[in-house]
Amino acid sequence: MAPPASARPMRADTERTVRAILTAAERVLSANPAATMEQIAEAAGVARTTVHRRFASREALVRALAAWAAQQFHDAVTAARPDTAPPAVALYQATANVLRVKAGWGFAMGALPTDAPEVARVHADVLAQCERLFIRARDAGLLPSDADLDWARRVYYALIHEAAAQAPDTDAAVDALATRVVDTLLHGVGKPATA
């Protein structure tokens with residue numbers, strides 16, 4: 001995954017440096033949200049001046065980190081092929097992929113600026129993909145034909161949020177939580193009412 005696109009393409013070594021800084025920033029800021037640029041530089045294995053050359057301020061670094069996480073979030077959903085994979089498969093895969101992003105990029109996902117155009121664009125596209133997937137799931141009989149798809153999507157998002165709060169740290173934990181989220185969405189948590 002490449003760092004956020006800028007006005008011109010970065011050289012490969014510059015891209016690696018930016019990626020190392022962003023990865024270190026996520027790790028350091030997750031442990032200590034008040035961490036300094038110097039602490040981030042040390043964790044990235046680069047000079048403080050390198051961090052300052054790439055990011056004019058701590059705020060600029062956090063914005064870049066949030067934009068990068070938003071792009072990873074988008075890529076996680078897109079990789080599930082929500083428009084072409086069987087709906088049940090796409091729903092499970094999107095859930096697992098998003099949980100992996102949320103688990104690995106918790107600070108950045110929480111720092112997403114709502115006023116940043118690139119973040120808004122990414123979220124609008126993810127929303128559109130999710131809406132189409134839920135229509136396909138309803139059409140395939142996974143959701144009732146009269147389901148309120150907006151409500152179902154909101155419940156799904158809430159389930160993912162709660163699952164991510166459990167901080168899954170292994171692939172097996174992510175897979176188990178993804179299965180639980182999808183099962184809860186499609187089948188609920190209680191016994192069906194008897195007629």
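List pairs: first residue in the stretch 94-112 and of a type in the set (S, T, N, Q), second residue modelled with pLDDT of 75 or more anywhere in the structure, Cβ distance under 6 angstrom, at least six positions apart or on different chains. Hits for this filter: Thr95/Ala178; Thr95/Val181; Thr95/Val182; Asn97/Ala76; Asn97/Ala79; Asn97/Ala80.
Among the helices (runs of 4 or more DSSP H) confined to the stretch 89-171, the ones with at least 1 residues that are of a type in the set (D, E, K, R) are located at 117-139, 149-164.
The residues of the stretch 32-68 that are touching a residue at least 12 places away in the same chain (Cβ under 8 Å) and small (Gly, Ala, Ser), listed by number, are Ala41, Ala43, Ala44, Gly45, Ala64, Ala66, Ala67.
Only one of the numbered conditions (1) among the charged types (D, E, K, R); (2) exposed (fewer than 15 other Cβ atoms within 10 Å of the Cβ); (3) within 23 Å of the chain's Cα centre (by Cα) is violated by Arg53, and that is (3). Could you tell me which of the residues Asp175, Asp146 is among the acidic types (Asp, Glu) and surrounded by 11 or more Cβ atoms within 10 Å (Cβ to Cβ)? None of the others qualify; the one that does is Asp175.
Any residue in the stretch 165-182 that is over 30 Å from Ala25 (Cβ atoms), hydrophobic (A, V, I, L, M, F, W, C) and touching a residue at least 24 places away in the same chain (Cβ under 8 Å)? Don't jump to the end; show me each part of the working.
Of all residues in the stretch 165-182, those over 30 Å from Ala25 (Cβ atoms) come to 179-180, 182.
If we keep only those that are hydrophobic (A, V, I, L, M, F, W, C) too, we end up with 182.
Among the residues that remain, those that are also touching a residue at least 24 places away in the same chain (Cβ under 8 Å) are: 182.
Yes.
Whenever a residue of the stretch 143-155 is in the same structural domain as Gln129 (by TED's automatic domain parsing), its partners that are surrounded by 13 or more Cβ atoms within 10 Å (Cβ to Cβ) and basic (Lys, Arg), lying with C-beta atoms within less than 8 angstrom and at least six residues away or across chains, give the pairs Pro144/Arg138; Ser145/Arg138; Ala147/Arg138; Leu149/Arg138.
The values are calculated or read from the model by the stated rules, or taken from the named source; none is laboratory data. If you're wondering where the values come from, they're calculated on a predicted model, not measured in any experiment. Please note: Cβ atoms are built from the backbone with ideal geometry, for glycine as well, and neighbour counts cover all protein chains shown.
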